[in-house]
Amino acid sequence: MNPDRTLEGDWHPGRVPENVTLEEGAYLETTYSLLLCRSVEPDAMRIGKGTSIYLGTMFDLGPGGRVHIGRCTLINGARIQCEASVEIGDFCLISWNVLIMDCERLATDPVARRAALSLVSSRPGRLLERQVPGRPVRIRQNVWLGFDCCVLPGVEIGEGSVVGARSVVTRDVPPYTVVVGNPARPVRILEPGGPVPPEILALVAS
Amino acid sequence: MSSSHPASSSPWSHGPLPSNVIVGDNTLITAEYAFRRFQSREPGALRIGAHCTMDGVHFAIGAEGRVGIGDYCYFTNVILLCELELQIGSYVAIGWNTTIADSDFHPLDPAQRIADAVACSPLGASRARPAIPRRAVLIEDDVWIGPCATILKGVRLGAGCRVQAGSLVTRDVPAGASVGGNPAHPLEGRDDGGEGPSPSAGGKPATDAP
């Protein structure tokens with residue numbers, strides 16, 4: 001990141017907001033990914049050391065949203081819709097068109113939804129405000145999310161687990177488990193690989 | 001459909017709207033590509049009511065397609081694929097990357113599919129494509145469709161129903177119901193995908209009012 005908070009080689013004329021931290025060696029391809037980040041939290045976003053966020057990724061954060069991403073994680077075009085908290089661990093692989101959401105924003109009651117939809121057309125920017133509280137999403141370290149999959153509000157995905165392409169994760173996934181389908185269900189248990197090797201820990205240490 | 005009349009200011013900032021598109025007051029259409037695949041020749045092919053937000057919507061409407069959208073609708077990056085008819089009510093909210101289609105675009109029968117593949121190829125430019133089944137999609141007032149959902153041809157979504165993110169809907173959903181999964185099944189008052197169909201779930205209102 002440049003001293004004026006622009007990004008080297010960015011095609012979008014944006015800046016990284018003050019409440020977004022890019023740790024050393026983190027790569028954010030374009031500030032366009034932050035266009036929908038309207039969080040007013042002091043520590044709204046953190047992108048860990050060596051993590052890369054490529055084109056097509058959108059951080060759609062409401063005023064109280066917080067997205068913290070660990071180290072050496074790869075996000076290759078996901079949409080993160082956050083009103084409370086989305087935590088993503090170290091060494092995660094997140095594929096294209098993945099949706100991670102901690103809030104559906106609109107109320108389940110149709111009468112309440114009408115109220116929000118009546119208001120939004122008169123609001124500048126026309127962004128929906130949440131009517132229901134967010135339910136934090138946690139994705140632990142070493143998780144792989146296949147392309148086009150959805151992670152729904154309140155879900156925790158355990159360390160080392162894998163979500164197959166186009167799956168919809170509606171409930172917690174235990175560690176080292178492969179889940180697939182809609183709704184996603186476990187199909188395989190993986191062998192835990194043991195502790196992260198010391199040379200890798202040294203590489204990502206701050 | 002109600003109160004469709006030309007907007008006072010331009011609802012779309014990327015040139016003139018196609019002449020058979022009628023847009024109500026205070027409705028906004030974003031994205032340069034909105035009409036890139038708009039081919040309908042029907043008069044009034046696309047009618048959108050007032051106070052709608054059509055953010056990044058693809059209006060991929062074929063030569064004979066007709067789409068009606070009510071008032072106060074809110075769509076984000078929705079792909080509308082229409083060869084016949086999509087009718088959408090008022091106060092309908094549809095999340096990011098959802099697709100709605102009223103056709104399968106190709107025939108099911110293998111021999112017909114060969115004929116279609118040839119007709120679609122540069123070698124078959126003069127050949128007519130075989131008939132392809134189309135069935136209108138009807139989405140009633142107050143429906144909520146989550147992101148990444150798919151709604152297939154012939155489906156009617158009853159008033160106030162909810163479609164969970166990532167669902168693929170192949171059958172009608174009763175008014176007030178909540179569905180999820182692939183294929184979408186009624187959710188039993190939970191928001192977690194459920195365990196498949198349950199005998200009591202048809203038509204049961206899913207609003208979890210206290």
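Matching residues to (1) touching a Phe, Trp or Tyr at 6+ places or on another chain (Cβ under 6 Å); (2) under 24 Å from A:I200 (Cβ atoms); (3) within 13 Å of chain B (Cβ to nearest Cβ); (4) modelled with pLDDT of 95 or more:
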{"site": "A:N76", "(1), (2), (3), (4)": "yes, yes, no, yes"}
{"site": "A:Q81", "(1), (2), (3), (4)": "no, no, yes, yes"}
{"site": "A:D90", "(1), (2), (3), (4)": "no, yes, no, yes"}
{"site": "A:R138", "(1), (2), (3), (4)": "no, yes, no, yes"}
{"site": "A:L145", "(1), (2), (3), (4)": "no, yes, yes, yes"}
Which of the residues belonging to the range A:124-142 are open to solvent by 60 Å² or more (accessible area, probe 1.4 Å) and in a loop (DSSP other than H, G, I, E, B)?
A:E129, A:R130, A:Q131, A:P133, A:R135, A:R140, A:N142
For the range B:26-37, pairs from a residue that is charged (D, E, K, R) to a residue that is open to solvent by less than 60 Å² (accessible area, probe 1.4 Å), with Cβ under 6 Å and 6 or more apart or across chains, are B:R37/B:A60
When every residue in the range B:126-147 that is without any contact (Cβ under 8 Å) to a residue 24 or more places away in the chain and surrounded by fewer than 15 Cβ atoms within 10 Å (Cβ to Cβ) is compared, the one nearest to B:V173 (Cα to Cα) is B:A128
It is to be established whether one or more residues within the range A:164-175 are within 14 Å of another protein chain (Cβ to nearest Cβ), out of contact with any Gly (no Cβ under 9 Å at 6 or more places or on another chain) and surrounded by 15 or more Cβ atoms within 10 Å (Cβ to Cβ).
no
In the range A:1-24, which residue that is touching a strand residue (DSSP E or B) at 6+ places or on another chain (Cβ under 9 Å) and of a type in the set (D, E) is nearest to A:G62 (Cα to Cα)?
A:E23
Within the range A:75-88, how many residues turn out to be in a loop (DSSP other than H, G, I, E, B) and surrounded by fewer than 20 Cβ atoms within 10 Å (Cβ to Cβ)?
3
Could you say which residue among A:C72, A:C103 is in a loop (DSSP other than H, G, I, E, B) and open to solvent by less than 10 Å² (accessible area, probe 1.4 Å)?
A:C103
Residue check, B:Y72 against (1) crowded, with 20+ Cβ neighbours inside 10 Å; (2) in a strand (DSSP E or B); (3) not polar (S, T, N, Q), all met but one. Which one?
(2)
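For (1) in contact with a Pro (Cβ under 8 Å, 6 or more places away or on another chain); (2) among the hydrophobic types (A, V, I, L, M, F, W, C); (3) within 11 Å of another protein chain (Cβ to nearest Cβ), each residue gets a yes or a no:
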site: A:V86; (1), (2), (3): yes, yes, no
site: A:N97; (1), (2), (3): no, no, yes
site: A:M101; (1), (2), (3): yes, yes, yes
site: A:G125; (1), (2), (3): no, no, yes
Quick one: is A:A184 in contact (Cβ under 8 Å) with a residue 60 or more places away in the chain, under 23 Å from B:S167 (Cα atoms) and within 13 Å of chain B (Cβ to nearest Cβ)?
no
Consider only pairs whose beta carbons are under 6 Å apart and that are at least six residues apart or on different chains; among these, list those whose first residue lies in the range B:148-166 and is within 14 Å of chain A (Cβ to nearest Cβ) and on the phi > 0 side of the Ramachandran plot and whose second residue is assigned to a strand (DSSP E or B) and at pLDDT 95 or above.
B:C148/A:L99; B:C148/A:C150; B:G166/A:C150; B:G166/A:V168
When the range B:178-197 is checked residue by residue, the ones that are at pLDDT below 95, within 8 Å of chain A (Cβ to nearest Cβ) and part of a loop (DSSP other than H, G, I, E, B) are B:D191, B:D192, B:G193
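Sort through B:L81, B:L123, B:L108 and tell me the only one that's open to solvent by 50 Å² or more (accessible area, probe 1.4 Å), of a type in the set (A, V, I, L, M, F, W, C) and within 20 Å of B:L168 (Cβ to Cβ).
After ruling out the rest, the residue left standing is B:L108.
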Residue that is nearest to the other protein chains (Cβ to nearest Cβ) [pool: residues in the range B:63-99 that are on the phi > 0 side of the Ramachandran plot and of a type in the set (S, T, N, Q)]:
B:N97
Return the residues of the range B:99-145 that are in a loop (DSSP other than H, G, I, E, B), small (G, A, S) and at pLDDT 95 or above; say none if nothing qualifies.
B:A136
Would you point out the residue of the range B:24-57, among those that are of a type in the set (A, V, I, L, M) and within 14 Å of chain A (Cβ to nearest Cβ), that is most open to solvent (accessible area, probe 1.4 Å)?
B:L28
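The values are calculated or read from the model by the stated rules, or taken from the named source; none is laboratory data. These numbers come from a predicted model, not from an experiment. We place every Cβ from the backbone using ideal geometry, glycine too, and count neighbours over all the protein chains shown. Remember, those area values only see protein heavy atoms, side chains included, never the ligands or the DNA or RNA. Shrake-Rupley method; radii C 1.70, N 1.55, O 1.52, S 1.80 Å.
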